[in-house]
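Notes follow once the structure below has been shown.
Read-outs throughout are calculated quantities, based only on the coordinates presented, and are distinct from any laboratory measurement. Only a predicted model underlies this, so the values are computations on that prediction, with no experimental measurement involved. Every residue, glycine among them, receives a Cβ derived from its backbone with ideal geometry; neighbour counts consider all protein chains shown.
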Amino acid sequence: MKKRVKEILKSLEKTRLEYWNISPETGRFLNILIKTMEVKKVLEIGTSNGYSGLWMLDGLSKTNGHLWTMESHEKERFLLGKNTFEKAGFLNRVTQILGHAPEAIPSEKMSTKLFDLVFLDATKYEYPSYFDVIKNRVKKNGFVIADNANSHAKELKPYFKKVLSDKNWHSVKLDIGAGIMVSLKIL
C-alpha cells in the first residue's frame, strides 16, 4: 500500500463514527480478498467519505480492476468520496454514481460484465432490495458482502433470511469489524 493511501486512511479513521465507516479490519479483509481472488469489478453501495472504497481501490490497483460506488447524499458525502479518491490518485479506477440504491445501480448496459464483488454498506433495511437487484449481476464464484451483520443484526434479519434461503448462494457470517455476511454465488 502506498504511503499516501495509508496516510489518507489514517486521517479518515478519525471521523469513522461520524461517517459510519467500516472498521480497519473489514477494510483489510476486503483488500486481501480483492487481491487474492483477483477481483476486477466491484460495486459498492454506500460510498460515504470514501474510506471503504479506498481499501478496495488499493486492492483493485493490483488487479487492474475498477470500482463503481454509489452514494445518495449529494451535498456532503458524494463530494467527500470524490475528494478522497482524487487525493489517493484513484480517479481513473473509480466511477462514482450519485443516486439511491437500488434504483441507481448501474444497468447492464453501463457495465457489460458481471461484478466480481458487491459490497453493501448503506441503509440496512434496504439490503433485501439491493440483493434482489444485484444477485443476477454477480458472476459465478463472485461475492456479495454485507457489512454490519453483528451490529445491526436485528435490522438485517430479512436480508439474512433472503440470502440464506437462496440456493444459488452459500453464506457465512464472520466476526470481522461490525460483522460481515459473506455470500458466494455458486450457481
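Taking amide H atoms as placed 1.01 Å from N in the peptide plane, list the residues 5 or more away in sequence, or in a different chain, whose amide H sits under 5 Å from that of Gly142.
Amide H to amide H, under 5 Å and 5 or more residues apart or across chains, Gly142 pairs with Lys185.
What number, rounded to the nearest 500 deg cm²/dmol, is the helix-based mean residue ellipticity at 222 nm of the chain, given -39500 (n - 2.57) per DSSP H run of at least four residues and division by all its residues? Let's see the in-between values first.
On the way: 6 runs with 68 residues, N = 187.
Estimated from H runs of four or more residues: -11000 deg cm²/dmol.
Kindly work out what percent of the DSSP beta bridges joining two residues of the chain are antiparallel, to the nearest 5. Mind dumping the intermediate values first?
Working: 11 of 30 bridges.
The answer is about 35 percent antiparallel.
Let me make sure I get this right: for the chain, a, b and c are the square roots of the gyration tensor eigenvalues over alpha carbons, sorted descending. Under 1.5 in a/c it's rounded, otherwise prolate if a/b > b/c, else oblate. Which is it? Show your work: numbers first, answer last.
Working: a/c = 1.42, a/b = 1.30, b/c = 1.10.
Taking the square roots of the gyration eigenvalues as a ≥ b ≥ c, the chain is rounded.
Would you please classify the overall shape of region 8-80 from the alpha carbon gyration tensor, given that a ≥ b ≥ c denote the square roots of the eigenvalues, rounded means a/c under 1.5, and beyond that prolate means a/b larger than b/c while oblate covers the rest? Walk me through the numbers before you get to the answer.
Working: a/c = 2.37, a/b = 1.45, b/c = 1.64.
Verdict is oblate for region 8-80.
Restricting attention to region 40-116, which GluC sites (Glu not before Pro) occupy a DSSP loop and are surrounded by at most 15 other Cβ atoms within 10 Å? All intermediate terms of the calculation are to be shown ahead of the outcome.
On the way: sites: Glu44, Glu71, Glu74, Glu76, Glu86, Glu103, Glu108; in loops: Glu103, Glu108.
Within region 40-116, the qualifying GluC sites (Glu not before Pro) (loop, at most 15 other Cβ atoms within 10 Å) are Glu103, Glu108.
With a sphere of radius 13 Å drawn around the Cβ of Ala101, what net charge do the other residues whose Cβ falls strictly inside it have (Lys, Arg +1; Asp, Glu -1)?
Numbers: positive: Lys124, Arg137; negative: Glu44, Glu71, Glu103, Asp121, Glu126, Asp132.
Charge balance in the 13 Å sphere: -4.
Net charge around Ser129, counting only other residues with Cβ within less than 10 Å of its Cβ (Lys, Arg = +1; Asp, Glu = -1)?
Working: positive: Lys162; negative: Glu103, Glu126, Asp132.
Value of the local net charge: -2.
Starting from 0.36 nm per residue, how many nanometres of slack lie between Glu25 and Leu91 once their C-alpha separation is accounted for?
Working: separation 66, 0.36 × 66 = 23.76 nm, distance 2.42 nm.
Length gained, Glu25 through Leu91: 21.3 nm.
Which pairs, out of Lys41/Lys157; Lys35/Lys135; Lys35/Lys157; Lys62/Lys157; Lys87/Lys185, put more than 24 Å between their alpha-carbon atoms? Can you show the working numbers first?
On the way: Lys41/Lys157 28 Å; Lys35/Lys135 22 Å; Lys35/Lys157 30 Å; Lys62/Lys157 35 Å; Lys87/Lys185 34 Å.
Over 24 Å Cα-Cα: Lys41/Lys157; Lys35/Lys157; Lys62/Lys157; Lys87/Lys185.
Could you tell me whether region 139-187 comes out rounded, prolate or oblate from its Cα gyration tensor? Rule is a ≥ b ≥ c as square roots of the eigenvalues, rounded for a/c under 1.5, then prolate if a/b exceeds b/c, otherwise oblate.
Values: a/c = 2.91, a/b = 1.56, b/c = 1.86.
Because a/c hits 1.5 or more and a/b fails to exceed b/c, region 139-187 counts as oblate.
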